[in-house]
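Colleague: Dropping the structure in here first, questions after.
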Amino acid sequence: MKSIYVPQSKLAQVKGVLKQFNKLLHTNGVSQLQYEISKPLVRDWYVTERNWVENKWVDSGIKKKVKLHKIDIEHMLVDIEGLSPVAFLNSKVSDFSDLLNEPVSCLSIAFKEKVLTPKELAIVFDENRYVICSHCNSHRKRDKAFVLSDNDGQKISYGASCVNAISGHSVVRIAKWCGYFMHLFDDMLKELSQLSRIVELGKKKGSTESVDVELFVSAVHSFVGDGKAFMSAKKPLPTYKRAMSAIDNEYNFRHSKLFIRFSAWVKKSKPKTQFHKKARFAFLEAEKVGVFEAKAAIIAALYNSFLQTVEYDFQVELAEGFYSGLVTVRSVEHSHKINHVVLRDPFGRLFSAEVSLNFPIGRLLLITGVISGIDRENGFPIYKLIELEEHQF
Ligand SMILES: [Zn+2]
C-alpha cells in the first residue's frame, strides 16, 4: 500500500488523475487500484510563496496549517519467495543459434528500462532448449517463464505456472503490471506530488510584469519536450501562449533540466539570421528582467530550435536489432492502405511503424519487431520499427 497526503484544495484534481489511471488499467484488462480517502485533517504543509522581488518571481517554501486528506492506495505487489521479477518471456516466438545452441531472441518483456541481455535469456533454457524451473527443479517443454533476481543480483528462472501458484496473480497480470503499469504508477505518484503543491502568488501579475525566465522555459519544455510538436505564434494555440497561461494558472512544472544548457547555448551562439539575433537579445534581456508577454513568442521559438540541436540524454538508448516488449499506441495516421503508428514504452521511448492493421489509441500491445534506425525529432529519438508483430501472452 502507498499513502499520500493531498491538500483539500487539490483533492478533485488528484481524484481525476486516479480515475484516469484506473480507466487505463480497465481498458487494458488489469484490475483497478483501490483507494481510500480519509476525512480532512489539519497538518503542517509546505506552501510555495511566489513573490515579485527585484523584477522577477522568486519562490520560497513556507510552513502553513493546511487541511489535508490521506489517500491509501492499494497497488499490486509481486512477491515470489523474496525474489524480484526481472522479465517475462514466451519461447513460442524465439530464435536459437544452431551453432552455439543459445537463444538469440525471444518474445519477452523486460521489467526494467534495460532490455534483456542474451545472457539473461540463456539462463532460462537448458541444452535441449527446454525451459528451466528452479522452483520445482524441472526442465520441461514449456513456453512461459519468468526471470527472477535475488538480493545479490543472481538471476534464476521459474516456470510461469509456479510463479502463478506462489504469487496468486495470473501470469498476464504480473507481466502487464511489472512490464508496464507499475512504471506508469510511479510516474503518476510523482505527478500527484507535483499537483499537491500549493503555490500562492504574493502579488498579482499585471500586463506590464514579467515571469521568471527559468519558469517560462520549464513551462515551454512541458509543451514541446519529449517529441511533442511546437506551435508557432501563427498557429491558433501557440506554445508560448499555452506556457504563459499555464503559469498564470499556477500549474507546477517539472524544473527543466536543460535550462542551464540552453542558457549556455544561447550565450555561445553566433546568430546568423535576423531571427536568432533578435531572439538571442530577447533571451539575454529576459535573464535580467524576466519574460514579458511581447517577447514570449520569440523566446519559445528559440528554445524550440535549441531542442532540435541537442541530442536527448536518455538514460538507456536502444540499439538497432531485435526488440520485444509492451507498448501502447500513442497516435495513428492513416494514409492509403497503410497506418502510420507511434508507439510508446513505459519509459517514454517512442517507436514509429507502418502497419496494415488498425490499432486503437491507448491500446497495450505485446510486440516484437526490428529496430532499423533512429529518427530524431526535436533531438528526441524515435525508433523505426519494421517487421512489427503483435503477440498474445
Ligand atoms: Zn516450477
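Colleague: Cα-Cα over 31 Å: which of 23/70; 268/384; 119/337; 112/141? Intermediate values should be presented prior to the final figure.
Modeller: Working: 23/70 22 Å; 268/384 33 Å; 119/337 40 Å; 112/141 27 Å.
Listed pairs above 31 Å: 268/384; 119/337.
Colleague: With everything on Cα atoms, drop me the angle between helix 11-27 and the longest principal axis of the chain, reported from 0 to 90° to the nearest 10.
Modeller: The two axes meet at around 30 degrees.
Colleague: Another question, then. For the pair residue 245 and residue 60, what calculated FRET efficiency results from E = 1/(1 + (r/R0)^6), where r is the Cβ-Cβ distance and R0 = 22 Å, to the nearest 0.05?
Modeller: Taking R0 as 22 Å, the efficiency between residue 60 and residue 245 is 0.35.
Colleague: Out of the trypsin sites (Lys or Arg not before Pro) in the stretch 288-353, which ones are loop residues according to DSSP with at most 13 other C-beta atoms within 10 Å?
Modeller: 337
Colleague: If you don't mind, another one. With angles folded into 0 to 90 degrees, how steeply does helix 213-224 sit against the dominant principal axis of the chain? Use alpha carbons for both and round to 10.
Modeller: Tilt relative to the chain: about 40 degrees.
Colleague: I would also like to ask the following. Once both axes come from the Cα atoms, what is the angle between helix 239-248 and the longest principal axis of the chain, in degrees from 0 to 90, rounded to 10?
Modeller: Between helix and principal axis, roughly 80 degrees.
Colleague: Mind giving me the nanometre distance, one decimal, between the label points for residue 264 and residue 233, set 7 Å out from Cα along Cα→Cβ?
Modeller: The two pseudo-label positions are separated by 3.0 nm.
Colleague: When you take every Cα atom in the chain, what is the radius of gyration, and what is Dmax, the widest Cα pair distance, in Å?
Modeller: Final numbers for Rg and Dmax: 24.7, 76 Å.
Colleague: By its C-alpha gyration tensor, with a ≥ b ≥ c as the square roots of the eigenvalues, how is the stretch 213-309 shaped: rounded for a/c under 1.5, else prolate for a/b larger than b/c, else oblate?
Modeller: rounded
Colleague: In the stretch 96-147, which trypsin sites (Lys or Arg not before Pro) fall in coil by DSSP and have 10 or fewer other Cβ atoms within 10 Å?
Modeller: Hits after loop and neighbour filter: 141.
Colleague: Do me a favour and compute the ellipsoid semi-axes for the stretch 132-176 from its Cα gyration tensor, root of five times each eigenvalue, largest one first, whole Å.
Modeller: Those come to 16, 15, 9 Å.
Colleague: For the stretch 1-75, which GluC sites (Glu not before Pro) pass both filters: DSSP loop (anything but H, G, I, E, B) and at most 15 other C-beta atoms within 10 Å?
Modeller: 54
Colleague: Along the Cα→Cβ direction, 7 angstrom out, place labels at residue 70 and residue 136. What is the inter-label distance in nm?
Modeller: Between residue 70 and residue 136, the label points sit 4.3 nm apart.
Colleague: What list of ³J(HN,Hα) couplings, whole Hz, do you get for the stretch 294-307 from phi and the Karplus terms 6.51, -1.76, 1.60, once you set θ to phi - 60° and write x for glycine and proline?
Modeller: 5, 9, 5, 5, 6, 6, 4, 5, 5, 5, 5, 6, 5, 4
Colleague: Here's a follow-up. Can you find, among 284, 303, 269, the residue farthest towards the positive end of the dipole of the stretch 213-309? Put +1 on the C-beta of Lys and Arg, -1 on that of Asp and Glu.
Modeller: It is 269.
Colleague: Quick one: grab the alpha carbon gyration tensor of the stretch 84-168, order the square roots of its eigenvalues as a ≥ b ≥ c, and give me rounded if a/c is under 1.5, else prolate or oblate depending on whether a/b is larger than b/c.
Modeller: Oblate shape, in that a/c is at least 1.5 and b/c is the bigger or equal ratio.
Colleague: What is the chain's relative contact order, in percent, from Cα pairs under 8 angstrom and six or more apart in sequence?
Modeller: It comes to 14 percent, rounded to a whole number.
Colleague: Taking the Cα centre of the chain as origin, work out the dipole magnitude from +1 charges on Lys and Arg Cβ and -1 charges on Asp and Glu Cβ, in debye rounded to 20. Before the final figure, lay out the partial values.
Modeller: Details: 55 positive and 44 negative charges, 374 e Å.
Magnitude of the dipole: close to 1800 debye.
FYI, it's all coordinate maths here, none of it is from the lab. Just so it is clear, the model here is predicted, and its values are computed rather than measured. Every residue, glycine among them, receives a Cβ derived from its backbone with ideal geometry; neighbour counts consider all protein chains shown.
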